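The values are calculated or read from the model by the stated rules, or taken from the named source; none is laboratory data. Since the structure is predicted, the reported quantities are computational estimates derived from the model, not experimental observations. In this analysis, Cβ positions are derived from the backbone assuming ideal geometry, glycine residues included, and neighbour counts consider all displayed protein chains. Only protein heavy atoms, including side chains, enter the accessible area calculation; ligands, DNA and RNA are left aside. Shrake-Rupley method; radii C 1.70, N 1.55, O 1.52, S 1.80 Å.
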Amino acid sequence: MAQKAVNQFFVVPPEDQCEGVVENKELFKAHLNESFPAYEFLVQKNSPFESDDFQIIPIAGVVGDDENPGEMRKMPERWVLDDIVQVCRRFDISTSKRKLS
């Protein structure tokens, strides 16, 4: 059986943008879904990694148990993560809010 590809990602904004992104996370996720409709994004405030930029962390599997085995997913290519970061950087709260009006 072929391994499924990762389709969920944690997105951790940089500290200086965290408050704005978290307060407007539905707009932020809609912004990402315009470019990546096949992916699901979960906005997180904290990361175990140090960075001054957006962090994209693939969710590469789920833990299973005796009744439901776990699943490991195929990691995306590096360019996919880089493309997601580029789209994150283009997020503008004021522009996104105007689109909804």
Given 5 Å bins starting at zero, what is the percent of C-alpha pairs of the chain in each, up to the one with the largest pair distance?
2, 11, 22, 22, 17, 11, 7, 4, 2, 0
Cα centre as origin, Lys/Arg/Asp/Glu Cβ charges: region 12-101 dipole, Debye
500
Rg and Dmax of region 57-96, Cα atoms only, in Å
15.9, 49
Around SER47, with a cut-off of 15 angstrom between Cβ atoms, what is the net charge of the other residues, counting Lys and Arg +1 and Asp and Glu -1?
-4
Once neighbouring chains are kept in place and the probe is 1.4 Å, which whole percent of the accessible area of region 4-88 is contributed by carbon and sulfur?
48
When the chain is treated as a Gaussian network with springs between alpha carbons less than 10 Å apart, the largest mean-square fluctuation among VAL63, VAL80, VAL12 is found at VAL63
